[in-house]
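Written out below as structure tokens is the structure these notes cover.
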Amino acid sequence: MLKQFFIICSGADTAILEHCSKGEQNKYVGIGATVFFTAVMAFIAASYALYMVFDNLYTAIFFGLIWGLLIFNLDRYIVSTIKKSDLFTDELLQAAPRIVLAVIIAIVIAKPLELKIFEKEINQVLLEQKNELTLLNKQQIAKQFDPSIDNLNKEITSLQQQIDTKEAEVNALYETYIAEAEGSAGTKLKGKGPVYKEKRDKHDALLTELQQLKAENKTKITTLETQIAGLKGDYETQVLTSQPIINNFDGLMARINALNKLPWLPSFFIFLLFLAIETAPIIAKLLAPKSAYDFKLEDQETAVKTIVLQNKSQRDVLLRTENAINDRIYEDIKQEDELYNYKRKKARELLQLQADAFFKHQKNAL
């Protein structure tokens with residue numbers, strides 16, 4: 001049962017193989033098994049790749065099964081259409097397009113399996129890329145908020161500088177009237193005289209302005225700090241909102257790009273393995289000598305071809321004979337007076353009828 005199934009997978013004519021040797025049958029069993037297991041690998045590879053795309057097991061299995069059947073049909077067609085001939089160059093030219101197609105199929109099958117085999121290494125590359133994207137994303141979002149925050153900080157600094165400047169003036173006046181009271185500066189008279197009182201009043205007035213300025217600027221600074229806190233909150237919100245997009249940066253294309261960043265040699269050998277599997281039936285048929293199956297298949301095909309050519313040739317001869325007979329018949333009839341007189345009589349009657357009809361038509365018109 002299994003042997004018969006693999007022979008069907010090979011695309012060979014089962015009726016012809018039944019009359020061939022066991023060795024010939026086993027050769028096509030091997031070819032059919034290769035075709036079948038290649039389709040199984042295609043099914044697994046496509047299911048894994050589609051699972052990364054759809055993230056649904058049943059959908060991936062369904063479309064993976066369709067893909068596996070498609071690859072099975074293509075491989076079976078490729079193997080079954082290679083015919084043995086007497087010249088190897090003719091066979092090679094016949095197989096060249098099929099080998100190209102086999103290479104394409106090998107690439108398509110190998111790539112998803114490479115993604116699974118090197119999954120851990122790919123995850124490491126993706127992690128590094130995600131970290132880079134996270135930093136870059138923060139920098140890009142910060143560019144939207146930094147100018148506003150910098151302007152608000154400059155306003156806070158300016159308001160604080162106003163307070164510091166006014167405070168420095170108040171401190172300077174304080175030192176001045178204290179020195180006047182001690183007699184170490186100003187009038188050099190120790191005690192609280194008129195000059196001391198004047199300087200003390202000036203200091204107290206400026207101190208009142210300082211306290212008022214501190215109150216006003218503190219309110220303004222608090223407002224500005226609230227705006228800065230709001231902008232920083234918006235920045236954090238945008239970072240948190242965009243982070244899931246970066247975290248989900250592990251789709252099929254991202255993994256293929258990450259795979260391309262890994263050393264190429266292991267991937268190349270995996271590709272060669274699947275290329276060898278995919279092209280093995282074709283190469284086996286090219287290298288194998290012409291066997292009993294090939295001779296019987298050729299005999300069957302040439303027999304049908306001969307019958308078709310014979311039928312076509314007979315129909316051509318029959319057509320030429322019929323044409324020649326008809327030509328002779330009409331040539332003989334052409335010389336008969338009886339036929340001439342008969343057709344002459346009928347032509348006369350037709351012309352008379354046409355003349356009568358024309359006369360009636362003209363008469364009715366008048």
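The values are calculated or read from the model by the stated rules, or taken from the named source; none is laboratory data. No experiment lies behind these values; they were computed from the predicted model shown. So basically every Cβ, Gly included, is an ideal-geometry build from the backbone, and we count neighbours across all protein chains shown.
Considering only residues that are farther than 14 Å from D13 by Cα and of a type in the set (V, I, T), look in the stretch 68-85 and name the one that is modelled with the lowest pLDDT. The qualifying residue modelled with the lowest pLDDT is I78.
Inside the stretch 83-125, can you point out the residues that are crowded, with 17+ Cβ neighbours inside 10 Å and assigned to a loop (DSSP other than H, G, I, E, B)? Those that are crowded, with 17+ Cβ neighbours inside 10 Å and assigned to a loop (DSSP other than H, G, I, E, B): K84, F118. One residue stands out among those in the stretch 49-66 that are modelled with pLDDT of 80 or more and either among the small types (G, A, S) or in contact with a Leu (Cβ under 8 Å, 6 or more places away or on another chain) (or both): the one that is farthest from A276 (Cα to Cα), which is T59. The set of residues in the stretch 14-24 being buried (at least 16 other Cβ atoms within 10 Å of the Cβ) and under 21 Å from D75 (Cβ atoms) consists of I16, L17, E24.
The lone criterion from (1) in a helix (DSSP H, G or I); (2) in contact (Cβ under 8 Å) with a residue 24 or more places away in the chain; (3) of a type in the set (A, V, I, L, M, F, W, C); (4) within 30 Å of L126 (Cβ to Cβ) left unmet by F269 is number (2). So for the stretch 234-242 (the condition being free of Cβ contacts under 8 Å to residues at least 40 places away in the same chain, of a type in the set (V, I, T) and farther than 19 Å from T165 by Cβ), does at least one residue qualify? Checked against the condition, which is being free of Cβ contacts under 8 Å to residues at least 40 places away in the same chain, of a type in the set (V, I, T) and farther than 19 Å from T165 by Cβ, the stretch 234-242 yields at least one hit.
Output yes when any residue across the stretch 174-183 is hydrophobic (A, V, I, L, M, F, W, C), modelled with pLDDT under 85, assigned by TED's automatic domain parsing to the domain that holds E236 and in contact with a Phe, Trp or Tyr (Cβ under 7 Å, 6 or more places away or on another chain), and no when none is. Yes, because at least one residue in the stretch 174-183 is hydrophobic (A, V, I, L, M, F, W, C), modelled with pLDDT under 85, assigned by TED's automatic domain parsing to the domain that holds E236 and in contact with a Phe, Trp or Tyr (Cβ under 7 Å, 6 or more places away or on another chain).
Regarding F36, is this residue at pLDDT 85 or above, within 23 Å of L286 (Cβ to Cβ) and over 23 Å from the mean Cα position of the chain (by Cα)? So F36 fits the description; yes. Quick check on the stretch 282-292. Is at least one of its residues assigned to a helix (DSSP H, G or I), at pLDDT 75 or above and either assigned by TED's automatic domain parsing to the domain that holds N26 or under 30 Å from T89 (Cβ atoms) (or both)? Yes, the stretch 282-292 contains at least one residue that is assigned to a helix (DSSP H, G or I), at pLDDT 75 or above and either assigned by TED's automatic domain parsing to the domain that holds N26 or under 30 Å from T89 (Cβ atoms) (or both).
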